[in-house]
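To keep things clear, I will list the structure first and then write my remarks on it.
The values are calculated or read from the model by the stated rules, or taken from the named source; none is laboratory data. Just so it is clear, the structure is predicted and the values come from calculations on it, not from any experiment. Cβ: placed from backbone, ideal geometry, glycine included. Neighbour counts: every protein chain shown. Surface accessibility is based on the protein's heavy atoms, side chains included, excluding ligands, DNA and RNA. Shrake-Rupley method; radii C 1.70, N 1.55, O 1.52, S 1.80 Å.
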Amino acid sequence: MTYNITTMIGIFLRGILMGICDIMPGVSGGTIALITGIYEELIDSISKIKFGFLKPLLKLNFKKFETDLIDEVNFPFFIPLGLGIAIAMLSMSKLMTYCLNTYPAYTYAFFGGLILSSIYIVYTELDAFNLKTIIITIIAAVITYLFVGLNPIQANHELITLFFSGLIAICAMILPGISGAFLLLLLGQYEFMINALHSFALPEIIVFILGAGIGIMSISRVIKYLLEHHKEVTMAILIGLMIGSLRIPAAQVITGITGLTSLILCIIIAAIGCILILVMETKFNYIDY
């Protein structure tokens, strides 16, 4: 990818979309990365970080450290993306919490529309949709459907717990169809971390980010390998994950509908979500594996 001002602004805007989705239970920032065409670049850039630049630093060879750091870390990609995600998560968390608490049915209807169109777009990228991929998709969908139906567990908010919560959640955040925010909900940490962001509680945020950093370094290499060597199976699994994850918005919409007017509004809002993603894909044709 060639990086210029226009490209970096585009990456920044994608980061904002990813950050917004990463704080929504049931929606994955990885899905946004996938449908806006930076998913492969994201995974590839993360997997190339092998911390070789630390060796010259330990030898106090700062010039070599700087050279190796620039060569190994894709700063033109990570800086605008990270800024977009951070700004979105810090500034939009209150708004998202308000929407989810005040208008859950309408909010989740929009999420559902986004996921539905994402499923269609990823499906069109499959080179072959045979019996094998159909079976894999169904299995992944059923497992995800059952998983997201679990009841949230109770947990303490000690720093070590937040560290492992960050490690687990970030793995889901970069996987299309799996919501890291929902995993935090299951772990009993979602509301706590939202409040930590609101109050800018640095110790909790730093420990959570540290766990997330270690987690993302590990899972990215696995995903990169699977996409390179088992693309069709991996994509079939991702489609199944997104199908199964529809249980969350569907349940919220069903329980939140209060009448015919409410139902019609949910359908319209879901359609808007679908059209938004389809227009983005049609106009920009971002996905490229």
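Between Glu228 and Leu90, the modelled label-to-label distance comes to 3.5 nm, taking each label 7 Å out from Cα in the direction of the beta carbon.
Ignoring aspartates and glutamates fewer than eight residues from Lys55 along the same chain, the ones with Cα atoms less than 16 angstrom from its Cα are Glu66, Asp68, Asp71, Glu72. How many percent of the accessible area of the chain is carbon or sulfur, using a 1.4 Å probe? Using a 1.4 Å probe with all protein chains present, the chain comes out at 72 percent carbon and sulfur.
Taking the C-alpha atoms only, the angle from helix 75-102 to the longest principal axis of the chain is near 30 degrees.
Relative to the longest principal axis of the Cα atoms of the chain, helix 104-124 runs at roughly 70 degrees. Taking packing as the residue-averaged number of other Cβ atoms within 10 angstrom, the listed peptides 76-85, 249-258, 3-12 run from highest to lowest as 76-85, 249-258, 3-12. Averaging the sequence gap over all C-alpha pairs within less than 8 Å and six or more residues apart, then dividing by the number of residues, gives the chain a relative contact order of 32 percent.
If we count trypsin sites (Lys or Arg not before Pro) as exposed when they sit in a DSSP loop and have at most 13 other beta carbons within 10 Å, what is the longest stretch of the chain that avoids them all?
Working: sites that count: Lys50, Lys59.
Formally, the longest exposed-site-free interval is 60-289.
Highest mean first, the peptides 201-211, 159-169, 32-42 sorted by other C-beta atoms within 10 Å per residue fall in the order 32-42, 159-169, 201-211. As I understand it, the value is the acute angle between the Cα axis of helix 131-147 and the longest principal axis of the Cα atoms of the chain; what does it come to in degrees, rounded to 10? Tilt of helix 131-147: around 80 degrees. Here the dipole of the chain is about 200 debye; that uses its Cα centre as origin and unit charges on the Cβ of Lys and Arg (positive) and Asp and Glu (negative). Each residue of the stretch 33-40 was assigned a 3J(HN,Hα) from its phi angle through the Karplus expression (A = 6.51, B = -1.76, C = 1.60, θ = phi - 60°), giving 4, 5, 7, 9, x, 10, 4, 5 Hz with x at Gly and Pro. Counting only lysines at least 8 places from Lys224 when in the same chain, those with an alpha carbon closer than 17 Å to its own are Lys48, Lys50. Projecting label points 7 angstrom from Cα along Cα→Cβ for Thr258 and Leu210 puts them 4.6 nm apart.
Across the stretch 262-270, computed HN-Hα scalar couplings (Karplus, 6.51 cos²θ - 1.76 cosθ + 1.60, θ = phi - 60°) run 4, 4, 4, 4, 4, 5, 5, 5, 4 Hz from first to last residue, x flagging Gly and Pro.
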